[in-house]
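The structure appears below as structure tokens.
The values are calculated or read from the model by the stated rules, or taken from the named source; none is laboratory data. None of the values given here were measured: they were computed from a predicted structure. Cβ atoms come from the backbone with ideal geometry, glycine included; neighbour counts cover every protein chain shown. These accessible areas exclude ligands, DNA and RNA; they are computed on the full protein's heavy atoms, side chains included. Shrake-Rupley method; radii C 1.70, N 1.55, O 1.52, S 1.80 Å.
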Amino acid sequence: MFVVSGALSIAAEQNPHVKLLRACLTTNIISVLLAICGVIVYLIDMQEIQMCIRHSWACQGPPQFYDLMYYTLIVLLLFTLLELTISISISAFVCKSTRCCHAYSSMPVLLLDSSLPDDQ
């Protein structure tokens, strides 16, 4: 989903149509939700791996394996947090550019009064 939202963001930058911008916004919001779920899963896994590192009798396998898994999860967590911040910022910019955040769109309206004489 992260790759799809990135591809749509690039396409929306090159060809900014309203439908493409809305699709970009939708996929980035879904990416934000999935990234939040990923952060939660990584944190839970890191907590379980720390338990295995501290209490080697609770898990099977050598402690070096759990050390490697722990550091791998740290790197994945950092990349997921980076993707989360990028998706949030792109969503905010697209939302402001399409004016989907506002309840009403403030567009100036010109009123022409035809009752005035032409010489004024």
Requested in this report: Would you tally the residues in the stretch 37-73 being at pLDDT 90 or above, open to solvent by 50 Å² or more (accessible area, probe 1.4 Å) and either among the aliphatic types (A, V, I, L, M) or more than 30 Å from Met1 (Cβ to Cβ) (or both)?
Outcome: 6
Query raised in the report: In the stretch 1-60, how many are among the small types (Gly, Ala, Ser) and touching a residue at least 24 places away in the same chain (Cβ under 8 Å)?
Result: 6
